[in-house]
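The values are calculated or read from the model by the stated rules, or taken from the named source; none is laboratory data. Quick caveat: nothing in here was measured; it's all calculated off a predicted structure. Cβ atoms come from the backbone with ideal geometry, glycine included; neighbour counts cover every protein chain shown. Note: areas computed on protein heavy atoms with side chains; ligands, DNA, RNA excluded. Shrake-Rupley method; radii C 1.70, N 1.55, O 1.52, S 1.80 Å.
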Amino acid sequence: MNPGKKVVLSAVQPTNSAHIGNYLGAIKNWIPYLDLYDCLFFAVDLHSITVSQDPEELRENTFRSIATYIACGIDPARATLFVQSQVPAHAELAWVLTCASSMGELSRMTQYKDKSQRHGAHIPTGLFTYPVLMAADILLYGTHLVPVGEDQKQHLELARDLAERMNHRYPKDSLGGESPLFQVPEPMIGKVAARVMSLQDPSLKMSKSDPSPGACVFLNDSDKEIEKKFKRAVTDSGSEVPAENPSPGIQNLLQIQASFLDEPYDQVLARYVGKQYGYLKVDTAAVAVEKIRPIRSEIEKLLGDRKYLTKIINEGRLAALSRSEKVRNEVYKRIGFIGH
Ligand code: TYM
């Protein structure tokens, strides 16, 4: 941990197991920050309940999320790992920011528009206000950088707008001077695999909730399942990889392989130009199997050691509590709440 350095913060919802979109688009990109910055990574269980969750599964998946971060290389000695619901200031600041946001700006969120379509006439209110909670997560810690996949870019823009609005509205600090209330955060979106697509429909983002079997590769899939999913990946009616403008399905496989191998996209493409699609599918499956196997076995090992995981989560909770309460108190004072 590097107090005094720039703050890096990110999170994944503890629903189901993480998939390769979460890993390649987000978690893997957190690792380079560990030695340089003050890092906070957490499991956003408050976000998960925007859609109904089985309590036992949510509990299990919350442990699984923290185990996944560690298994992917997020060393708990170099980052604060915690669980969102254990730190009340997230929900408290979310309410304050809800009062500073407008229905109009929340209605424009594309993720809300997509997700709400699945709920007919009964759209959960939490799906609508969800990006405000995410803004609270970020602004509570004076976050500078937020490494996320491309789908979170619009939510980050909202967090920036809310930070600027609050800074403008409440410029006077509790010491009698003027200072910005919130740091305005920057999104950090990777160049490769920032949007991993479904293996069954490359026009859709890979998503945990995709009902189509084979669309999504999870970090707890077996070697066989991973191979099967890649071999059956939907591409297009062609047969050989073209040098220019490969179809979205082919680009997706190339991006996945490039990201797993930390190789430039063009270099991976050059290896397959003129070759049958089958080679790309088989090789990408092999790369994914090799990279996922040690992560999967480490997750299972960590899940077997609840004492250790609980210790990490408790330490993270204490660190996050004291940091977040300071910011929340400053917000409450500036707003005019008494006794903080
Ligand atoms: P979530 O849980 O949907 O996804 C977690 C992270 O994985 C990225 N991601 C992807 N990247 C590439 N391709 C994909 N197919 C793909 N699917 C998901 C997401 O961009 C994200 O980085 N609202 C957030 C969680 C959150 C958060 C925060 C993130 C809550 N508070 C504060 C950052 C900072 C979410 O639902 O992510």
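Observations
- For the range 237-340, the carbon plus sulfur part of the accessible surface works out to 53%, probe radius 1.4 Å.
- Entry note: the chain has Rg to Rh equal to 0.99, where both radii use alpha-carbon atoms and Rh is the Kirkwood radius.
- Under the criterion of Cα pairs below 8 Å and six or more residues apart, the relative contact order for the range 71-174 equals 32 percent.
- Gyration tensor (alpha-carbon) shape descriptor, the range 69-173, a/c threshold 1.5: oblate
- Based on Cα contacts under 8 Å between residues 6+ apart, the range 168-261 shows a relative contact order of 25 percent.
- A Förster distance of 35 Å, applied to the separation of the beta-carbon atoms of Ala100 and Lys208, puts the FRET efficiency at 0.70.
- Tensor-based shape of the range 1-96 (alpha-carbon gyration tensor, a/c under 1.5 rounded, otherwise prolate or oblate): oblate
- Under the convention that each Lys and Arg Cβ holds +1 and each Asp and Glu Cβ holds -1, the size of the dipole of the chain around its Cα centre is about 360 debye.
- For Thr80, the amide hydrogen comes within under 5 Å of the amide hydrogens of Cys39, Leu40, Phe41, counting only partners 5 or more places away or on other chains and with H modelled in the peptide plane.
- Using the average count of surrounding beta-carbon atoms within 10 Å as a protection proxy, the listed peptides 252-262, 324-334 rank, highest first, as 252-262, 324-334.
- Surrounding net charge for Ser324, when Lys and Arg each add one and Asp and Glu each subtract one, Cβ distance under 13 Å: 0
- Relative contact order of the range 192-336, taken over Cα pairs closer than 8 Å and 6 or more residues apart, is 22 percent.
- Å² per residue, accessible surface of the range 235-287 at 1.4 Å: 48
- Semi-axis lengths (Å, descending) of the ellipsoid that matches the C-alpha gyration tensor of the range 262-340: 48, 23, 8
- Accessible area per residue was computed with a 1.4 Å probe on protein heavy atoms; Arg306 scores about 80 Å².
- Close amide-amide hydrogen proximity is noted between Met206 and Val196, Met197, Ser198, each under 5 Å apart and 5 or more residues distant or on a separate chain (H modeled in the peptide plane; Pro and chain starts excluded).
- Partners of Lys191 within straight-line reach, counting aspartates and glutamates whose Cα lies under 19 Å from its Cα and excluding those fewer than 8 residues away in the same chain: Glu150, Asp151, Glu157, Glu244, Asp262, Glu263, Asp266.
- Highest mean packing first, where packing is the average number of other Cβ atoms within 10 Å per residue, the peptides 173-186, 138-151 line up as 138-151, 173-186.
- Peptides ranked, highest mean first, by Cβ atoms within 10 Å: ranges 273-280, 230-237: 230-237, 273-280
- Solvent-accessible surface of protein heavy atoms, probed at 1.4 angstrom with all chains present, puts Thr68, Thr129 in the order Thr129, Thr68, largest first.
- Amide H partners (placed H, <5 Å) of Lys5, local residues excluded: Asp38
- Surface composition of the range 171-226: carbon plus sulfur atoms hold 55% of the accessible area, using a 1.4 angstrom probe and ignoring ligands, DNA and RNA.
- Accessible surface computed residue by residue for the range 146-198, with neighbouring protein chains in place and a 1.4 Å probe, gives 52 Å² per residue.
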